[in-house]
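Before any comments, here is the structure.
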Protein chains: 2
Amino acid sequence: MSDSFFKAIADANRRKILLLLKKHITLTPGEIGQHFEFSGAALSEHLKILRTAELIYAQKRGQYIYYSLNTSVFEDIISWIMQVIDKSEVQDEKTR
Amino acid sequence: MSDSFFKAIADANRRKILLLLKKHITLTPGEIGQHFEFSGAALSEHLKILRTAELIYAQKRGQYIYYSLNTSVFEDIISWIMQVIDKSEVQDEKTR
DNA sequence: CAGGTATTTAACTAAATACCTAAATACTGG
DNA sequence: CCAGTATTTAGGTATTTAGTTAAATACCTG
């Protein structure tokens, strides 16, 4: 299901990218890369993982690509957390 | 910081364990294992990861160990999500 | 269109993860 | 204390992941 979501946010660098995008609204890979030590290729991989999980989206304008947050997808994890912690919603299933 | 939390929930089997514990309040590894195909040793590893992330806690009573959810830790991820999606709370930091 | 900048893809390596089986540990009941 | 049950630890393997460098692609400007 939303496995790609959980995998995507399991990495601290990717979480940092999300926070950068939150702060700056829109950034190119070049700008994001200034905040990290690793290569542009590694960054590109991280962006692909975030794109696949639909946590960010890209808009190409000329020479640059502008990345932004796609906050709507975070609802997935909120609903998952609610499912785990909400004591009122207890399903009764005898999975045995 | 709470890296262990994100790593712990990145695995679908571990998320399933959390949901099982939510449903049944308290379970032994043996009971949890009935819901999975893999070995008891593999399960034990998953439980250790969840314990380390403080998502569950264990109480030993005689021959058995009873695992339960520790829902309080989920506040961490909720506050992280809020940090990412909440547009009002925009810090201004020139990290360059 | 040639050179330059921005980004991604390819091919690879090293480290981490998820699993296995077998052995070790911890407890219970006869 | 011995045999049995429950769980964890140890040691090993296969797969995945995060990074590397080098090459490819895409666009811009002169």
Copies of A:Leu19 compared via label points 7 Å along Cα→Cβ give distances in nm, shortest first, of 3.0
Placing one equal point scatterer on each C-alpha of the stretch B:1-69 and summing with Debye, one gets log10 I(q)/I(0) at q = 0.18, 0.26, 0.28 Å⁻¹ equal to -0.61, -1.27, -1.44
Rounded to two decimals, the Debye log10 I(q)/I(0) of the protein assembly as shown (Cα scatterers, no solvent) at q = 0.15, 0.19 Å⁻¹ is -0.92, -1.27
Those chymotrypsin sites (Phe, Trp or Tyr not before Pro) from the stretch A:1-64 that are DSSP loop and have at most 13 other Cβ neighbours within 10 Å turn out to be A:Phe38
Extend 7 Å from the Cα of A:Ala12 along its Cα-to-C-beta direction; within the stretch A:37-69, residues with backbone N under 13 Å of that point are A:37
To the nearest 0.05, the calculated FRET efficiency linking B:Ser39 and A:Glu37 through their beta-carbon distance, R0 being 45 Å, is 0.70
Here the correct list, in nm and shortest first, of distances from B:Arg51 to the same site in the other copies, label points 7 Å along Cα→Cβ, is 4.2
Sorted by chain and then number, the residues having a modelled amide H within less than 5 Å of the amide H of B:Thr28, at least 5 places away or on another chain, are B:Tyr67
Using a 1.4 Å probe on heavy atoms of the protein chains only, the accessible area for A:Lys7 in Å², nearest 10, reads 100 Å²
Low-density loop GluC sites (Glu not before Pro), the stretch B:1-48, at most 14 other Cβ within 10 Å, DSSP non-H/G/I/E/B, are B:Glu37
Mean other chain Cβ within 10 Å across A:20-30 is 2
GNM of chain B, Cα pairs under 10 angstrom: of B:Asp11, B:Asp86, B:Asp76, the biggest fluctuation goes to B:Asp86
The correct pairing of chain B residue and whole-Å distance, for the Cβ nearest the axis that maps B onto A, is B:Ala10, 2
If one compares the long axis through the Cα atoms of helix A:74-85 with the longest principal axis of the Cα atoms of chain A, the angle in degrees, nearest 10, works out at 30 degrees
Within 10 Å of the Cβ of an average residue in A:6-13, the count of other chain Cβ atoms is 5
For chain B the mean separation of alpha carbon contacts under 8 Å (6+ apart) over residue count, i.e. relative contact order in percent, is 28 percent
Partner shielding of B:77-85, as the mean number of partner chain Cβ atoms within 10 Å, equals 6
Shortest first and in nm, the label-point separations between A:Tyr64 and its counterparts in the other identical copies (7 Å out along Cα→Cβ) come to 6.2
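The values are calculated or read from the model by the stated rules, or taken from the named source; none is laboratory data. Note that this is a predicted model, so its numbers are computed, not measured. Positions of Cβ are backbone-derived with ideal geometry, glycine not excepted, and every protein chain shown enters the neighbour counts. To get the accessible areas, we keep the full protein, side chains included, count just its heavy atoms, and leave off ligands, DNA and RNA. Shrake-Rupley method; radii C 1.70, N 1.55, O 1.52, S 1.80 Å.
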